[in-house]
Amino acid sequence: MEFTNYLKKKTTRDKHYAESSINRYVSDILLLKNKNLDLEKGDPIEIVKKMENLYTKGTCKCKLTSIQVYMEYLDEIKKKEEYRKETYRIWGEIKKNKIIPKLSYGFGTLRNILSIRIKIVKNIIGVKSLSQIKYIQRTLLLGLYVLHAPRSLEYGDMEIVNRNYFISNNLDKTKKNYLIKNGSKKWAFQFGYYKTSSSYGIQYQPVSKKLKELIELCHAKMASYKSTVGELHPSHKFKYLLVDTKKGEMLKPKNYNGVSQMLRMISKEEKLEDILGVNMIRKLYITEIRKKNKIKYKLKLNNMMA
């Protein structure tokens, strides 16, 4: 695809796009075209209206970034300057002024919801259905965004590894994201494959005690599901932090789109006025930090959230 080759050669702020960014831009454009949205000739305002019916506000904003990059590609490669320049400006204005997540609730609301869901998960004895599995995993996902500075979609393919195995096998740190376990001691996330990795590099972040306990709780409950016996790794250890629950096998990663779908389902389950999205959660979190005016924490925030 010409667009992919363009992105691989393109530099921004003297740096090349990260591979994860390239994949996201290309997949977004292909997805939008498959939704019969004419990005090259269509009216931007009409396209945005259709997008708002298809996606959450936060997801729309992300896809608008992909569209802007695609417009830039058309300008430079397709030489449609006379037509694209004005359209590109319109897309910029739309992203800046139109698609703004409405904060109808605060980050504290998500914290309260998580607390209630954890109590429900603890009271589940003997997981008997896929619907219970999905509820448990969505609770885990919410915990990842509430009990840790909210990242983007990195948890979608996060692999779980033992610390000794991770060190001795010299795993590629730039192609995957890992949850590194160290027995009963502290665990850590290692982020090496994400949208802004070219700016922030490989990141190593400790997992809080509360989040560690939640991961252990949810995985233990999920592993008790009868159809998984003999299909998981030894001692019912999961290979991925979030798993595809189709047919109850739980052997494959959930993937990035799956994370967004799970957040939308949480919104429906909890009857939230605005549909949850990654960018919505990140904005809620930042808003809370600003209100509390935690200056020292603010200095670490950009790096933690990437």
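All of the numbers you see were taken from the coordinates with simple rules; none came from a lab. In this text, all values refer to a predicted model and were calculated from it rather than measured experimentally. Every residue, glycine among them, receives a Cβ derived from its backbone with ideal geometry; neighbour counts consider all protein chains shown.
Are any of the pairs Lys210/Lys254; Lys50/Lys252; Lys209/Lys239; Lys35/Lys254; Lys195/Lys239 more than 29 Å apart by Cα-Cα distance, and if so, which? Result: Lys50/Lys252 exceed 29 Å. Backbone amide hydrogens, once placed in the peptide plane, bring Tyr240 within less than 5 Å of Ile160, excluding anything fewer than 5 places away on its chain. Highest mean first, the peptides 253-261, 146-154 sorted by other C-beta atoms within 10 Å per residue fall in the order 146-154, 253-261.
Peptides 262-270, 137-145, 205-213, 65-73 ranked from most to least packed by the mean count of surrounding Cβ atoms within 10 Å: 137-145, 65-73, 262-270, 205-213. Per Stokes-Einstein, at 20 °C and 1.002 mPa s, what whole-number D in µm² s⁻¹ belongs to the range 144-221, with the Kirkwood radius over Cα pairs as the hydrodynamic radius? Diffusion coefficient, whole number: 164 µm²/s.
Net charge in the neighbourhood of Thr139 (other residues with Cβ under 12 Å of its Cβ; Lys, Arg +1, Asp, Glu -1) is +4. Spacing of the modelled spin labels on Arg163 and Gln68, each 7 Å from Cα toward Cβ, amounts to 4.1 nm.
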